[in-house]
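Encoded as structure tokens, the structure appears first; notes follow it.
Nothing in this text is a laboratory measurement; each read-out follows from the coordinates by a stated rule. Only a predicted model underlies this, so the values are computations on that prediction, with no experimental measurement involved.
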Amino acid sequence: MPDTRATPRKARRSTRATPAVARPARVRPGNADDQARLRTAILDAAFAIYQQGGLPALTMRAVAAGVGLSAMALYRHYADKAALLRAMWEAVLVEARSEVLAAIAAPDTARGHLRTSTDASLRYWERHPDHFRLVFMTEQTMAADRDAGLTQAEAYRQVVDLSAPLIEAFAAETGGDPGRVLLARDLRLALMVGYLHARVVNRRFPWTDLDALRAAAVDAIEAGVAQCLRATR
């Protein structure tokens, strides 16, 4: 069953903090900057509520109160809770992708870029366990319908599409089969999510050395991708 609980922690970044006193946001009619600031404030409040109480606490009424709006006013910006969740997912995915892109900006070998991107991605989700639960472990993101919700978001497609070119370059550098790139991409994601589930969710296990564990995971993921790229039939 999906885990809808969120472990309390510090806000994901300073702009995600809950205002000490919620005051009605001043939005001038037709002012795009005011509208953008309000939508940011709504997401800030939604993240703070989710971090404190998980999905059960994330109601439209609670979010509206967090920014000083009436519940009806909030519906003018997000049609329902599903639309709000999608905006939260997209914000997280954009942030995660940006961190990976920054990590691989420097020139390197294809192998180096693959390893760096893997490590940067793992570190992001480790630092933001609530985001991992939100994106990978809510009922909405675990739905069988591949055309629904999160998978329609442009941010989701951009994250998915980020790894294939890295693996294509790795295949070219190591003599791998380019016809198995997408399979290797899928295997990489499966291995990463498996490691993160153990690291983020199974906090009771007496892990020996978490830094060494991540390093070993990066090695294992690279080895798995390399093995997958080798034609076996």
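Overall, the ratio between the Cα radius of gyration of the range 25-103 and 2.2 N^0.38 Å, rounded to two decimals, is 1.15. Convex hull volume per residue, computed on the Cα atoms of the range 79-121, equals 59 Å³. The length gained on full extension between Leu183 and Phe205, counted as 0.36 nm times the residue separation minus their Cα-Cα distance, comes to 4.8 nm.
Near Arg230, the amide H atoms lying under 5 Å from its own belong to Asp177; only residues 5 or more places off or on other chains count, and H is placed 1.01 Å from N.
Normalised radius of gyration (Cα atoms, divided by 2.2 N^0.38 Å) for the range 170-217: 1.51. Residue by residue, the range 155-171 carries 3J(HN,Hα) couplings of 4, 5, 5, 5, 5, 4, 6, 5, 7, 4, x, 5, 6, 4, 5, 5, 5 Hz when phi is fed to the Karplus relation 6.51 cos²θ - 1.76 cosθ + 1.60 (θ = phi - 60°); x denotes Gly or Pro.
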